[in-house]
Amino acid sequence: MRTPAGFFMSSQAVSFHGPSALNPHEQISLLRKRGLVLPNPERTLHYLKFIGYYRLSGYFPPFLDSSGKFQKNTSFDQVLNYYIFDRKLRLLVMDAVERIEVAVRTTISNTLCVQHDEYWYQNSALFIHGYNHHQLLKIVREKTNTFPPSWKVAEELSFGVWSKIFSNLKSRELQKEICKPYSIDYTIMTSWLRSFTYLRNLCAHHERLWNRTFTVKPKVLKKYRKHFINNSKFYSQAAVLNVFLDVIADGSGWQQRLSDLIDQNKEIPLQNMGFHSGWSSDPFWGINR
């Protein structure tokens, strides 16, 4: 059986409830049959051609009834607005994650350079037993064609690699030193770096954020426990970003931009992201209104 993406699947594969090998014009007909109002069919056709039915279908569920049809008077523009909101949210998150990625890899590199030397990453004794140090050296060699000083390596390795470097350091004292600027302990840092890596990868692959149940969840920081009550939702991911941005980019206005984006899209259900009404007035976010 051919899927919408053009791949073949066996008859034993999990069934997919969506258009099978339909062209955009046929998808228009399907949407109408399912009860979606299309005020401007040509505009809808444009988005089906360049965004795709499957991607847009991820934003259908809030508008569907128990039979899988669209609720009465649901228009294509309502669905599209959810998609546009989510895209803007991803771009906002990537802005924060980029700042944090640069800061964390610089902190790790600088600390290890001072405690050891600029070629610390070549020293397998710094890492716990079981860490694939050979793979680290292989990645460095592939990225740089040599083994440069740490400050050069810092620009080449991915966030995921830096996360693993930190979590696999043998010395707790080194980990604690790295964590000092962020006022968190090494167990929280290990968890949060994994969350950042996961969040970054979701954004890089254009995955939905607004109604996602996150499988990689940040560990609860006791000081801010109330912001991690449901840490499988985006709110807790945003809270982690906020904690780091307060240290590395105070005054960036990121929190205000997040609040503005949500305020400008009041039709988007806050509960799907783990936010509560009035969230932005909490001093934790530092938003001045």
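The values are calculated or read from the model by the stated rules, or taken from the named source; none is laboratory data. Only a predicted model underlies this, so the values are computations on that prediction, with no experimental measurement involved. Quick reminder, even Gly has a Cβ in these numbers, built from the backbone with ideal geometry, and neighbours come from all protein chains shown. With ligands, DNA and RNA removed, areas are computed over all heavy atoms of the protein, side chains included. Shrake-Rupley method; radii C 1.70, N 1.55, O 1.52, S 1.80 Å.
This table checks each residue for (1) at pLDDT 95 or above; (2) farther than 22 Å from L209 by Cα; (3) surrounded by 13 or more Cβ atoms within 10 Å (Cβ to Cβ).
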residue: A21; (1), (2), (3): no, yes, no
residue: K33; (1), (2), (3): yes, yes, no
residue: H46; (1), (2), (3): yes, yes, no
residue: G58; (1), (2), (3): no, no, yes
residue: F63; (1), (2), (3): yes, no, yes
residue: Q71; (1), (2), (3): yes, yes, no
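If you take the residues in the range 97-114 that are closer than 18 Å to L126 by Cα and of a type outside the set (S, T, N, Q), which one is surrounded by the most Cβ atoms within 10 Å (Cβ to Cβ)?
In this case the residue turns out to be I108.
Please tell me if S195 is closer than 30 Å to A125 by Cβ, in contact (Cβ under 8 Å) with a residue 40 or more places away in the chain, polar (S, T, N, Q) and part of a helix (DSSP H, G or I).
yes
Considering only the range 254-285, how many residues are assigned to a helix (DSSP H, G or I), of a type in the set (G, A, S) and either loosely packed, with under 12 Cβ neighbours inside 10 Å or in contact with a strand residue (DSSP E or B) (Cβ under 8 Å, 6 or more places away or on another chain) (or both)?
Qualifying residue count, the range 254-285: 1.
Name the residue that is most open to solvent (accessible area, probe 1.4 Å), counting only residues in the range 195-221 that are touching a Phe, Trp or Tyr at 6+ places or on another chain (Cβ under 8 Å) and among the charged types (D, E, K, R).
Within the range 195-221, the match that is most open to solvent (accessible area, probe 1.4 Å) is K219.
Could you list, in sequence order, the residues of the range 149-170 that are buried (at least 16 other Cβ atoms within 10 Å of the Cβ) and either under 22 Å from D246 (Cα atoms) or over 21 Å from the mean Cα position of the chain (by Cα) (or both)?
S150, V153, A154, F159, W162, S163, F166, N168, L169
In the range 222-234, which residue that is in a loop (DSSP other than H, G, I, E, B) and surrounded by fewer than 18 Cβ atoms within 10 Å (Cβ to Cβ) is nearest to the chain's Cα centre (by Cα)?
S232
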